[in-house]
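A.B. asks: Got a structure for you, written out below as structure tokens; questions coming shortly.
Rule-based calculations on the coordinates, nothing more; no lab input. Just so it is clear, the model here is predicted, and its values are computed rather than measured. Cβ atoms come from the backbone with ideal geometry, glycine included; neighbour counts cover every protein chain shown.
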Amino acid sequence: MFSRQLNDRISIHLPHSHQATELFALTDQNRLFLRKWLPWLDRVVTVEDSRSFLTHSLQRFVAGDCLPVMIYGQNQLAGVAGYNLIDSTHGIGYIGYWLGESFNGHGIMTRVVQDLIEIGRDYYALQKVEIRCATKNGRSRAIPVRLGFSHEGTLRRAERVYEQWLDHEVYGLLLANSTCTTPPHPLDPDPDETTPRPDFPTLSSPTGMQ
Ligand SMILES: CC(C)(COP(=O)(O)OP(=O)(O)OC[C@H]1O[C@@H](n2cnc3c(N)ncnc32)[C@H](O)[C@@H]1OP(=O)(O)O)[C@@H](O)C(=O)NCCC(=O)NCCS
């Protein structure tokens, strides 16, 4: 089974359905903490729900659509992270994550995301990694900022979390192994242009309309 030891405390592992009981226990213990930012808590009410999540994630992993990882801190399940979506057409991976409350504040997720970026580049040939965080989720936003992602913009009402609409901040990191180049945008100034571009023609009133 795929696993990586990230330092003396933290390791990540491809999930297996036999971890459903452990995953459900961590989810259940942290229900209130996670509910603030994650929309799926009400759909995970039994061990079987956690098992379905693991089985479904593994099927998508085999199809190359996602990469889920279970995070262990000192041999205890601490949380889940991974590429929720791998868009192989465009070479973009979308990372998501959560930790149990007692595992917050130790740099675990920052280290895991750093490793996911390496995996994305080395095994999936990604040219870009994206993380979307709720605007008010300061702990989540701090992770891409810490890892040098650029803030690319705000998506309004990007997610419904129970009775609330949340805006998302989009963070992106471009990776070095891109095999195609970005063509210049038609509205960017041409660096080689010596003469100014002509002004756009002024629109006149269409005939028959005053
Ligand atoms: C988002 C979430 C994963 C962030 O967890 P976190 O513990 O703050 O993140 P990290 O594990 O990277 O730890 C960073 C913290 O450890 C500290 N830290 C200690 N050693 C560190 C190290 N070597 N490297 C980086 N940070 C370190 C940092 O200072 C920071 O603490 P601070 O915020 O008090 O300054 C967690 O709060 C969570 O699961 N929330 C609920 C679900 C959620 O919001 N998911 C994201 C949806 S977009």
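A.B. asks: Around ASN84, under 15 Å between beta carbons, what's the net of Lys plus Arg minus Asp minus Glu among the other residues? Write out the running numbers ahead of the final one.
C.D. replies: Details: positive: ARG60, LYS128, ARG132; negative: ASP65, ASP87, GLU130, GLU159.
My count for the surroundings of ASN84 gives -1.
A.B. asks: Would you tally the net charge around GLN5, using a Cβ to Cβ cut-off of less than 14 Å, leaving GLN5 out, and scoring K and R as +1, D and E as -1? Provide the component values of the computation, followed by the final result.
C.D. replies: On the way: positive: ARG4, ARG9, ARG111; negative: ASP8, ASP115, GLU118.
For residues surrounding GLN5, the net value is 0.
A.B. asks: On the principal axes of its Cα set, how long, how wide and how thick is region 1-64? Give whole Å, largest value first.
C.D. replies: Taking max minus min along each principal axis of the Cα atoms, region 1-64 gives 30, 30, 20 Å.
A.B. asks: What percentages, rounded to whole numbers, describe P(r) for region 3-174 computed over all alpha carbon pairs with 5 Å bin width beginning at zero?
C.D. replies: Computed distribution, short to long bins: 1, 8, 17, 21, 23, 19, 9, 2, 0.
A.B. asks: Ordered by residue, what ³J(HN,Hα) values in Hz, to whole numbers, does region 66-72 give under the Karplus form 6.51 cos²θ - 1.76 cosθ + 1.60, where θ = phi - 60° and Gly and Pro are x?
C.D. replies: Ordered by residue, 3J(HN,Hα) equals 7, 9, x, 9, 8, 9, 10 Hz.
A.B. asks: State the antiparallel share, in %, of DSSP beta bridges confined to region 3-174, rounding to the nearest 5.
C.D. replies: 90 percent
A.B. asks: Post the alpha-carbon centroid distance, region 56-116 to region 4-51, in whole angstrom.
C.D. replies: Result: 11 Å between the Cα centres.
A.B. asks: Out of the trypsin sites (Lys or Arg not before Pro) in region 10-87, which ones are loop residues according to DSSP with at most 15 other C-beta atoms within 10 Å?
C.D. replies: Values: sites: ARG31, ARG35, LYS36, ARG43, ARG51, ARG60; in loops: LYS36.
Those that pass, being in a loop and sparsely packed, are LYS36.
A.B. asks: Something else about it: Provide CYS133, CYS66 in ascending order of the number of other Cβ atoms located within 10 Å of each residue's Cβ, fewest first. Don't skip to the answer; put the middle values down first.
C.D. replies: On the way: CYS133 23, CYS66 20.
Ordered from fewest to most neighbouring Cβ atoms within 10 Å, CYS133, CYS66 come out as CYS66, CYS133.
A.B. asks: Between VAL161 and residues 5 or more places away or on another chain, which pairs have amide H atoms under 5 Å apart, with H built 1.01 Å from N, and which residues are they?
C.D. replies: LEU166
A.B. asks: Quick check on packing: order 9-17, 145-153, 79-87 by the mean number of other C-beta atoms within 10 Å, highest mean leading. Don't skip to the answer; put the middle values down first.
C.D. replies: Numbers: 9-17: 17.9, 145-153: 13.4, 79-87: 21.1.
So the order, starting with the most tightly packed, is 79-87, 9-17, 145-153.
A.B. asks: Pairs of alpha-carbon atoms within less than 8 angstrom and 6+ residues apart define the contacts here; what relative contact order does region 3-174 have, in percent? Don't jump to the answer; show the numbers that get you there.
C.D. replies: On the way: 291 pairs, mean separation 30.4, N = 172.
Over region 3-174, the number comes to 18 percent.
A.B. asks: Hey, what did region 91-180 get for relative contact order, percent, Cα under 8 Å, at least 6 apart? Provide the component values of the computation, followed by the final result.
C.D. replies: Details: 129 pairs, mean separation 27.7, N = 90.
Reported relative contact order: 31 percent.
A.B. asks: Sticking with this one: What's log10 of I(q)/I(0) for region 44-121 at q = 0.24 Å⁻¹, Debye sum over Cα points only, no solvent?
C.D. replies: -1.19
A.B. asks: Could you give each residue of region 163-168 its phi-based ³J(HN,Hα) in whole Hz, using Karplus coefficients 6.51, -1.76, 1.60 with θ = phi - 60°, and x for Gly or Pro?
C.D. replies: Values, residue by residue: 8, 10, 8, 10, 7, 10 Hz.
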